[in-house]
Amino acid sequence: MELSQLTIFLTVASEKSFSRAAQKLMRTQPAISLAVQRLEAELGEKLVDRSLKDGTLTDAGKIVYEYALKFENLRREMANSLTELRNKYTGKLIIGANESGALYLLTHIHNFRQLYPGVKVEVRRSLSRNIPNEVLDNSIDLGVVSYKPGDRNLQTIVIYNDAVAFIVYPEHSFAKRKQISIRDLGAETVIAHNIASPYRQIVLEAFQKYQVHLNMDIEMPTVETIKKMVQSKMGVAFVPRMCVQSELAAGELVEVPVRELQVARKIHLVHPAHRHLSHAARAFLELIKNSNNE
């Protein structure tokens, strides 16, 4: 059964005439009659009483008419929804990010919601290493990572320029120093993030390069926990600067530059290079591009 057949039948029933239905649909009357006949053959029921000239429906025709109306209403609703989606008034945007990655989205999501309040936004927690594949698998629309995936089917755009910050509690002996060397850290307990990431690897390689002992007796699953432990004077830590901005501003933590570890950290928004993007995803990308150009 084709929806076009139901539309033709609905028009015949509404106009109570094959000829008037043909005029309204800008088709020939034989074409209209043939479409209704094919629908009747497919359903195995006569829908129009042809012994009468006023387009009277049979009992089967009345049932089909009610369902045809429902189909037509759904078709119009679908068309309206697609129109709204194209205008970015509705829809859903799913972005994958890890714990710290979600922080880099806050300003952009705020601006996006002001422009498109009808679009639902979900930030789905994912491991950074899994995000590129999730974008490719279409399980998320976009993803936030701190590296450029080496896949030609993916493209990236920078959404934030961050850095790796070395943090201590305010009473620590390093807190009042303008700069320290990585060699000063051999006796410190470094509270580490136990999730593999490019910035973790950079820190590990720096300690190896300068042959400094790295005491990582404490590893935690979240940056939030690491911050609390540093505040509790249980150790020091390397974390994304974005994640400690409020604590640094409040004087609850202190950032101390490490001469050998001045590490810039670009945050990328990953999107498919070739696959069609939803209207909401395209609008979000456009917002990022515009903010980068300002």
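Please check: in the Gaussian network model of the chain (C-alpha springs, under 10 Å), which one of 66, 188, 224 has the largest mean-square fluctuation.
The residue that fluctuates most here is 66.
Fully extended, how many nm does the chain gain between residue 86 and residue 7 (0.36 nm per residue separation, minus their Cα-Cα distance)?
Full extension of this stretch gives 25.9 nm more.
Are there trypsin sites (Lys or Arg not before Pro) in the range 170-208 that DSSP marks as loop and that have at most 16 other Cβ atoms within 10 Å, and which are they?
On the way: sites: 176, 177, 178, 183, 200; in loops: 176, 177, 178.
The qualifying sites are 176, 177, 178.
Which value in deg cm²/dmol, rounded to the nearest 500, describes the helix-derived mean residue ellipticity at 222 nm for the chain, given -39,500 (n - 2.57) per DSSP H run of n ≥ 4 and division by the residue count?
-13000 deg cm²/dmol, from helical runs alone.
For residue 157 and residue 102 in the same chain, what is the full-extension length gain: residue separation times 0.36 nm, less their Cα-Cα distance, in nm?
That pair, residue 157 and residue 102, stretches by 18.2 nm at full extension.
Would you mind pulling out the separation of the Cα centroids of the range 142-196 and the range 251-294, in Å?
The distance from the Cα centre of the range 142-196 to that of the range 251-294 comes to 15 Å.
Taking springs between alpha-carbon atoms closer than 10 angstrom, which of 63, 191, 140 fluctuates most in the Gaussian network model of the chain?
Most flexible of the set in this elastic network: 63.
Per the Cauchy relation, a quarter of the hull surface: what is the mean projected area of the convex hull of the alpha carbons in the range 3-85, in nm²?
5.5 nm²
Could you work out how much longer the chain between residue 19 and residue 245 gets when fully extended? Use 0.36 nm per residue separation minus the Cα distance between them, nm to one decimal.
74.0 nm is the gain from fully extending residue 19 to residue 245.
Which value results when the Cα radius of gyration for the range 161-265 is divided by 2.2 N^0.38 Å?
0.96
Which is farthest toward the positive dipole end of the range 94-198 among 104, 143, 172, measuring Cα position about the Cα centre, with Cβ charges +1 (Lys, Arg) and -1 (Asp, Glu)?
After comparing all options, I get 172.
Which of 251, 118, 96 moves most in a GNM of the chain, Cα contacts under 10 Å?
Evaluated over the chain, the most mobile residue of the options is 251.
Starting from the Cα of residue 225, step 7 Å along the direction of its Cβ; do the same at residue 54; then give the gap between the two resulting points in nm.
The answer from the label model is 7.9 nm.
Quickly work out the residue 125-to-residue 266 label distance, labels modelled 7 Å from Cα along the C-beta direction, and quote it in nm with one decimal.
About 2.9 nm separates the two model spin labels.
Considering only DSSP states other than H, G, I, E and B, which trypsin sites (Lys or Arg not before Pro) in the range 27-67 qualify as loop sites with at most 16 other Cβ atoms within 10 Å?
Loop-located and lightly packed - 27, 46, 50, 53.
Of [x] 64, 45, 32; [y] 101, 33, 31; [z] 91, 52, 34, which one was derived for Cα extents along the principal axes in Å from the structure shown?
Matching entry in [x] 64, 45, 32; [y] 101, 33, 31; [z] 91, 52, 34: [y].
Each reported figure results from applying straightforward, stated rules to the coordinates on display, with no laboratory input. All values derive from a computational prediction rather than experimental measurement. When we count neighbours, we look across all protein chains shown, and the Cβ atoms used for this are built from the backbone with ideal geometry, even at glycine.
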